[in-house]
Protein chains: 2
Amino acid sequence: MKEQIQSQFMQLQDQICAHLEALDGVGKFRQDLWERPKGGGGRTRIITGQHIEKGGVNFSAVHGPMPQKISDKLGLPENKFFATGVSIVLHPINPHVPIIHMNVRYFETDAGMWWFGGGIDLTPHFVDPELAKDFHSRLKAVCDKHGAHYFKDFKKWADDYFYVKHRKETRGIGGIFFDRLDSSKGKQSEHFDFVMDVGRSFIPIYTHQFNEGFNKAYSDREKKWQLYRRGRYVEFNLVWDRGTKFGLDTDGNIESILMSLPPQVEWTYRYEMNEKEQHTIDLLKKGIDWVSVFGL
Amino acid sequence: MKEQIQSQFMQLQDQICAHLEALDGVGKFRQDLWERPKGGGGRTRIITGQHIEKGGVNFSAVHGPMPQKISDKLGLPENKFFATGVSIVLHPINPHVPIIHMNVRYFETDAGMWWFGGGIDLTPHFVDPELAKDFHSRLKAVCDKHGAHYFKDFKKWADDYFYVKHRKETRGIGGIFFDRLDSSKGKQSEHFDFVMDVGRSFIPIYTHQFNEGFNKAYSDREKKWQLYRRGRYVEFNLVWDRGTKFGLDTDGNIESILMSLPPQVEWTYRYEMNEKEQHTIDLLKKGIDWVSVFGL
């Protein structure tokens, strides 16, 4: 099974990269292969384009003795593990295109424990309720195919996970987040189908967001706001994101882990928001039902 | 005693701000007073000038019931505390002027426990051995007045503390760092004299670094390198700095805590360094004896 998962994840990376190059029209992915000294490795792919300012679409499949930090956390005896996943973060040039993040992952130990995890979340620089509704509705459609409670549960999980606690703001408008989809919750093949459906939903979801924003005009002020908002993205990833922290703690591939950081960022002391910017901040809250936002 | 410490720290803040305004020539500090709901408050002062791109010189004096996180860490029963300090971070416009950080602090509980802490460290964008020597020599002179081992011990402490573990680099060329100077190590008045001497050394130390760099010409490439190097400053402060983490964990004054973050930053995937940039990285190591760097 793990060979199949790994191979499907690699194909997913290929498909997404090909599509993003087409969407950007100019940028091409640069690939860096890396090996993990203790087993496995990955394909880091980075794009710098005419519309995507900095994007990373990474695949990895690593294995070996379980790092102490994981075995402690799982309360398991020293063991061997295998982990594979695809991670994406895209920072657009145009502030009217949102930042998007997607991750699908699989983990197993040679003692027979296994689970899937993943998610997609969106960080618009300016929240547009129609685009937020489109985003959440598409995620709901994917979830509904696989479990009646999936969307409700995984949306709440995303609201709680992608939360910039020290700012009392959600990172963006959320999305879905899930972890530990294991044998207690379903068959391996069913979870795998769900995770691959999430992965395949990335292209249509992002294409819509991209097409609605990439050729809109924007002001210097709107660009400045984007750079300022990217600061929150950095704060979340470096202070709160468990995946990033784990990578930094366990000597992961630093350049690959930190590809999620924006190309240019600004921190302004007590930024004075205009009405439109304040409106976006007012929408960075947990628990907003974006699917029914227009009462439909 | 605590009133005296607080009042001297406030004076130190005043003196440093006045001097920095004179040094910059144009920028004036903006002051924001803030109150801590559970007791005390502070004076956050931020400057945006013609040479200092973003600088913060903050004073705070807070008190109240001890936060759970501190009493757990100290292994003390629930208690009342008082803490006061001055914290400085300056980000210059010219990449030939280093980033500087200074902190002096005092902590006590109403059960009679007390200690001082603090430090100064320097983060040049380009390491100049003569300027590094000047910096460390001045710190050594301050330390030598108060304790024969102070410089050796506190320089090592700074090397270990200001370390960007995931990059395997020191943040800059270090300086001095010390904590828990308490009754087991000397009289309160002696520690206070030392800490105030450290605080007062800030002006001559920074003035020299500033004057040697602020009117040097610099290229676009040198500016770009500065923005890139500032990324490491962010990484250290958000991932490793215990003071920042503590502030974020305990609902501190966020804008004041994060004033240390640079105004503009760039993250470039696999930045390709030129020889001069590589030379600086080669010097971001623990244990370099900058005082004797020319064998003098």
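The values are calculated or read from the model by the stated rules, or taken from the named source; none is laboratory data. As the structure is a computational prediction, the values presented were derived from the model and not from experiment. Glycine also receives a Cβ, built like all others from the backbone with ideal geometry; neighbour counts cover every protein chain displayed.
Give, as residue ranges, the helices (runs of 4 or more DSSP H) completely inside the stretch B:194-296 that count at least 1 residues that are more than 9 Å from chain A (Cβ to nearest Cβ) and closer than 25 Å to B:PRO129 by Cβ.
Those helices (runs of 4 or more DSSP H) span B:220-235, B:275-282.
Condition check ((1) over 29 Å from A:SER60 (Cα atoms); (2) modelled with pLDDT under 95; (3) among the charged types (D, E, K, R)) across all residues:
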site: A:VAL195; (1), (2), (3): no, no, no
site: A:TYR218; (1), (2), (3): yes, no, no
site: A:ARG221; (1), (2), (3): yes, no, yes
site: A:LYS224; (1), (2), (3): yes, no, yes
site: A:TYR233; (1), (2), (3): no, no, no
site: A:TRP267; (1), (2), (3): yes, no, no
site: A:LYS276; (1), (2), (3): yes, no, yes
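Looking at A:ILE288, A:ILE257 in this structure, which one is in contact (Cβ under 8 Å) with a residue 60 or more places away in the chain and either of a type in the set (A, V, I, L, M, F, W, C) or surrounded by 14 or more Cβ atoms within 10 Å (Cβ to Cβ) (or both)?
A:ILE288
Any idea which of A:HIS125, A:HIS136, A:HIS166, A:HIS91 is within 14 Å of another protein chain (Cβ to nearest Cβ) and buried (at least 23 other Cβ atoms within 10 Å of the Cβ)?
A:HIS91
Looking at the stretch B:188-233, which of its residues are without any contact (Cβ under 8 Å) to a residue 12 or more places away in the chain and buried (at least 22 other Cβ atoms within 10 Å of the Cβ)?
Hits for the stretch B:188-233: nothing passes.
For the stretch B:125-138, give me each residue that is assigned to a loop (DSSP other than H, G, I, E, B) and touching a strand residue (DSSP E or B) at 6+ places or on another chain (Cβ under 8 Å).
Residue satisfying the conditions is B:HIS125 alone.
Which residues, counting only those in the stretch A:78-114, are charged (D, E, K, R) and within 19 Å of the chain's Cα centre (by Cα)?
A:ARG105, the sole residue that qualifies.
Would you mention how many residues in the stretch A:161-198 are touching a strand residue (DSSP E or B) at 6+ places or on another chain (Cβ under 8 Å) and not hydrophobic (A, V, I, L, M, F, W, C)?
Going through the stretch A:161-198 one residue at a time, the tally reaches 14.
Would you check which residues across the stretch B:147-190 are hydrophobic (A, V, I, L, M, F, W, C) and farther than 25 Å from A:ILE254 by Cα and list them?
Scanning the stretch B:147-190 gives B:ALA148, B:PHE151, B:PHE154, B:TRP157, B:ILE176, B:PHE177, B:PHE178, B:LEU181.
Scanning the stretch A:169-187 for residues that are on the phi > 0 side of the Ramachandran plot and under 19 Å from the mean Cα position of the chain (by Cα), which turns out surrounded by the most Cβ atoms within 10 Å (Cβ to Cβ)?
A:GLY174
Among the residues of the stretch B:88-111, are any without any contact (Cβ under 8 Å) to a residue 12 or more places away in the chain and farther than 15 Å from B:LEU12 by Cβ?
Checked the stretch B:88-111: no residue is without any contact (Cβ under 8 Å) to a residue 12 or more places away in the chain and farther than 15 Å from B:LEU12 by Cβ.
With respect to the numbered conditions (1) within 14 Å of another protein chain (Cβ to nearest Cβ); (2) exposed (fewer than 14 other Cβ atoms within 10 Å of the Cβ); (3) of a type in the set (S, T, N, Q), which one is the sole condition not fulfilled by B:THR44?
That leaves (2) as the condition not met.
Return the pair list, or none, for Cβ contacts closer than 7 Å from residues in the stretch B:68-82 that are surrounded by fewer than 13 Cβ atoms within 10 Å (Cβ to Cβ) to residues that are in a loop (DSSP other than H, G, I, E, B) and not β-branched (Val, Ile, Thr), at least 6 apart or on different chains.
From the stretch B:68-82, the pairs are B:GLU78/B:MET66.
Residues checked against (1) surrounded by fewer than 17 Cβ atoms within 10 Å (Cβ to Cβ); (2) modelled with pLDDT of 95 or more; (3) in contact with a strand residue (DSSP E or B) (Cβ under 6 Å, 6 or more places away or on another chain); (4) more than 14 Å from chain A (Cβ to nearest Cβ):
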{"site": "B:THR109", "(1), (2), (3), (4)": "no, no, yes, yes"}
{"site": "B:MET113", "(1), (2), (3), (4)": "yes, no, no, yes"}
{"site": "B:PHE116", "(1), (2), (3), (4)": "no, yes, yes, yes"}
{"site": "B:LYS140", "(1), (2), (3), (4)": "no, yes, no, yes"}
{"site": "B:CYS143", "(1), (2), (3), (4)": "no, yes, no, yes"}
{"site": "B:TYR150", "(1), (2), (3), (4)": "no, yes, no, yes"}
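Mind telling me which of the residues B:PHE246, B:PHE210 ends up being at pLDDT below 95 and either closer than 25 Å to B:CYS143 by Cβ or not charged (D, E, K, R) (or both)?
Every option except B:PHE246 fails the conditions.
In this structure, does B:ALA158 turn out to be among the aliphatic types (A, V, I, L, M), out of contact with any helix residue (DSSP H, G or I) (no Cβ under 7 Å at 6 or more places or on another chain) and either crowded, with 16+ Cβ neighbours inside 10 Å or not in a helix (DSSP H, G or I) (or both)?
The answer is yes for B:ALA158.
Would a scan of the stretch B:191-202 turn up a residue that is closer than 20 Å to B:TYR106 by Cα and in contact with an Asp or Glu (Cβ under 9 Å, 6 or more places away or on another chain)?
Checked the stretch B:191-202: at least one residue is closer than 20 Å to B:TYR106 by Cα and in contact with an Asp or Glu (Cβ under 9 Å, 6 or more places away or on another chain).
For the stretch A:20-29, does any single residue satisfy the condition of being touching a Lys or Arg at 6+ places or on another chain (Cβ under 6 Å), surrounded by fewer than 20 Cβ atoms within 10 Å (Cβ to Cβ) and not charged (D, E, K, R)?
No, there is no match, as no residue in the stretch A:20-29 is touching a Lys or Arg at 6+ places or on another chain (Cβ under 6 Å), surrounded by fewer than 20 Cβ atoms within 10 Å (Cβ to Cβ) and not charged (D, E, K, R).
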